[in-house]
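To keep things clear, I will list the structure first and then write my remarks on it.
The values are calculated or read from the model by the stated rules, or taken from the named source; none is laboratory data. Keep in mind that this is a model prediction, so the values were computed, not measured. Every residue, glycine among them, receives a Cβ derived from its backbone with ideal geometry; neighbour counts consider all protein chains shown.
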Amino acid sequence: MFLPRLCIERPVLATVFSLALLVFGVVGYSRLPVRELPDVDIPVVSVSTVLPGASPEVVESQVTEVLEEELNGIEGLDIITSESREEVSAITLQFELGRDIDAAAQDVRDRIARVRRLLPEDAEEPRVAKIDLDAQAIMWLALSSATYGPHEIMTLADRRVRPRLEAIAGVGRVIVGGSNREAIRVEIDREALAAYGLATTDVVAALRRQNVELPAGRIEGTWREFVVKAHGQLSSPEAFARLVLAYRGGAPVRLGDVASVRLGYENERVRARFNGMLTTGLGIVKQSRANTLEVARRVKETVAKLRSELPEGVRLDIAFDQSPFIRRSVAEVQRALLAAAVLVVVVIFVFLQSARSTIIPSLAMPVAIMATFGVIYFLGFTINNLVLMALTLSVGVVVDDAIIVLENIYRHMEAGSERRQAALDGSQEIAFAVVATTLTLVAVFVPIAFLGGIVGRFFYEFGISVAVAVVVSSFVALTLTPMLCSRFLRPGSTASRRGTLGRLARGFDAAVGRLSGAYGVALEQVLAHPVATLAVVAGAFLASAALFRAVGKEFVPTDDRGYFIATLRTPEGSTVAYHDRYQRQVERLLDETPEVRSYFSVVAIPRGGPGKVNTGVMFVRLKPREQRRRSAAEVIAELRQRTRAIPAV
């Protein structure tokens, strides 16, 4: 093969090859985003439609069934599910894995446009969204105060906090929820309305007709003109109460005669608290390709600046944060990668017993690993646990080819060949064996990238990363390793030296010799009894199959993330006050739990429309692992046990 000869004859070229791969990898590594798991597009589209004031039965018949009938025939549709609840129709469409999610979402929008006219006039425009893991908030902030009201806190969040957060590089959007904006609330008295012979539709029609601000044109003079503004939009409860609904016996029937009009909030069914205090939540959603850790760091820096700028008595706290767990898990895998590299170098030195013989193949590791980062950057991958696990696994593999090449060159040197000639002959002899070994390993790992289902999507980056590392290590073994051997490799080992190191090396060689002898005896016995050997192998296979069925299985292993999310449900038909009473009891349990750092509690959290008042969610942050005695799983188990004593939960 020409490649080893070329690099031996042109050592600068071989060096440039490896340095170019290193630089390529360093640049890619510096630009790769960091996340917990690979970026996977799940082919699921959701359709949510809000019909204000409608019961679940009306939503089912007038919205859900109409949309389901039209969406049923979309190409590539695998499963369609729907939920009709008060005011909200939620339809989930799961497509085949090979279906392009963007094209599927567009097909859904086209189908909905066909039947939009069949939906009730009061129904809001159906919202079509792709189920995107990156669309979930990576952080929640809590803006609260003991001196300001909910409306003032919401105004601060809208006008001062959210614009600053949205300006951060990598932030896609900021969700604001919890406390409410002020609004005029009209609570109709049914008996009074019936006494005047009016219906709710008459009230709605009057509000739409009279509470509107229309363009009024302009007044033009000879030299000047004026824009006319008609103040038709009402702004106070008193103004709404004076609104005329109809005339009975020549006297006007006003809204205040049939309803109670007061200043309230847009949605009084949602309640949010941070550590028991009413709050406004701000959810940080990062951009799809943004680095989670970098976005979280910039948000924390901005929060620190905002705290000094907010009015006295207003607090801005981090209520929920995924980044510490991602940082910790990635750091743990990186440490495992580094430890594996050190152990590989130690093992190579122990067996080769020469510093030069150790350094030459060990150089294949950083070049192969770093070059892999460069390749996966251009493939659109990320630094995640599966990619780092792939590189950790490949650390011991990437040095194999270099060791094979070095050992063959060393054999030629022991046979009396000059160092340069030994490098030429040894690398030429072993080149095709190195290529064959590389292709075998690639053939083992590349199929992992083509597994079916969601698991296959997640392991795609794993298989490709291992294959790239192995291919690059083969290239290094055929370029850099022969060149270094032709310049620096010397015969001899530590065992030939005097002193303590020499005695240790000779003792190790003797132990390896005894192990080889024992292996030879065992091999003779195996060859002499083939039937018994096959029976043992078959028994081991059957035992492994039985253990595989007995061992528990899960998609992602349970880990102590430093936080957990709790969902609380009360019986259907519960009022918001009824549910909130029991959710406060659970919050008191959290206050009594020493491992809990903070919690963010929401009642009737909106999901594509008005939330269910019998459902609550709590985002619970735990203290750092070194500051608590129990793990997250143990804390959750205790809380489950204690909440069993709360009725109706």
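Details
So that you can scan it fast, the table gives a plain yes or no per residue for (1) modelled with pLDDT under 85; (2) in contact with a helix residue (DSSP H, G or I) (Cβ under 7 Å, 6 or more places away or on another chain):
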site: Ala371; (1), (2): no, yes
site: Gly380; (1), (2): no, no
site: Asn385; (1), (2): yes, yes
site: Leu388; (1), (2): no, yes
site: Leu391; (1), (2): no, yes
site: Val398; (1), (2): yes, yes
site: Asp401; (1), (2): no, yes
site: Val405; (1), (2): no, yes
site: Asn408; (1), (2): no, yes
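- Screening the candidates Val468, Val536, Val526 for the property of being among the β-branched types (Val, Ile, Thr) and more than 48 Å from the chain's Cα centre (by Cα) yields one hit, Val526.
- The residues listed here are Val299, Val270, Val314, Val330; of these, the one that is under 13 Å from Leu165 (Cβ atoms), touching a residue at least 12 places away in the same chain (Cβ under 8 Å) and not assigned by TED's automatic domain parsing to the domain that holds Ile188 is Val299.
- Against the numbered list (1) surrounded by fewer than 16 Cβ atoms within 10 Å (Cβ to Cβ); (2) touching a residue at least 40 places away in the same chain (Cβ under 8 Å); (3) closer than 27 Å to Leu316 by Cα; (4) polar (S, T, N, Q), Gln627 comes up short only at (2).
- Check on Val635, modelled with pLDDT of 85 or more, part of a helix (DSSP H, G or I) and under 29 Å from Ser46 (Cβ atoms): no
- For the stretch 237-288, taking the residues that are assigned to a loop (DSSP other than H, G, I, E, B) and among the basic types (Lys, Arg), the one that is surrounded by the fewest Cβ atoms within 10 Å (Cβ to Cβ) is identified as Arg242.
- Single match in Val12, Val26 (criterion: in the same structural domain as Phe458 (by TED's automatic domain parsing), over 34 Å from the mean Cα position of the chain (by Cα), of a type in the set (A, V, I, L, M, F, W, C) and surrounded by fewer than 18 Cβ atoms within 10 Å (Cβ to Cβ)): Val12
- Hits in the stretch 1-41 - residues which are β-branched (Val, Ile, Thr), within 20 Å of Gln428 (Cα to Cα) and either in a strand (DSSP E or B) or free of Cβ contacts under 8 Å to residues at least 60 places away in the same chain (or both): Val12
- Of all residues in the stretch 537-568, exactly one satisfies the criterion of being of a type in the set (S, T, N, Q) and assigned by TED's automatic domain parsing to the domain that holds Arg625, namely Thr567.
- Among the residues listed as Pro606, Pro557, the single one being under 24 Å from the mean Cα position of the chain (by Cα) and farther than 25 Å from Ile318 by Cα: Pro557
- With respect to being closer than 30 Å to Val387 by Cβ and either assigned to a helix (DSSP H, G or I) or free of Cβ contacts under 8 Å to residues at least 60 places away in the same chain (or both), Val536 falls outside the description.
- Any helices (runs of 4 or more DSSP H) falling wholly within the stretch 289-400 and containing at least 1 residues that are within 29 Å of Leu489 (Cβ to Cβ): 323-352, 355-362, 364-378, 385-398
- Condition broken by Ser601, with the remaining ones in (1) under 24 Å from the mean Cα position of the chain (by Cα); (2) assigned to a loop (DSSP other than H, G, I, E, B); (3) of a type outside the set (Phe, Trp, Tyr); (4) surrounded by 18 or more Cβ atoms within 10 Å (Cβ to Cβ) satisfied: (2)
- Subset of the stretch 417-429 (residues that are farther than 12 Å from Leu3 by Cα and assigned to a helix (DSSP H, G or I)): Arg419, Arg420, Gln421, Ala422, Ala423, Asp425, Gly426, Glu429
- If you go through the stretch 200-226 and keep only what is touching a residue at least 12 places away in the same chain (Cβ under 8 Å) and either in a loop (DSSP other than H, G, I, E, B) or touching a Cys at 6+ places or on another chain (Cβ under 8 Å) (or both), you end up with Asn211, Val212, Glu213, Leu214.
- Residue, surrounded by the most Cβ atoms within 10 Å (Cβ to Cβ), within the stretch 531-572, restricted to residues that are within 30 Å of Ala604 (Cβ to Cβ) and basic (Lys, Arg): Arg561
- Residues of the stretch 412-450 satisfying the condition of being of a type in the set (Gly, Ala, Ser) and surrounded by fewer than 21 Cβ atoms within 10 Å (Cβ to Cβ): Ala415, Gly416, Ser417, Ala433, Ala436, Ala443, Ala449
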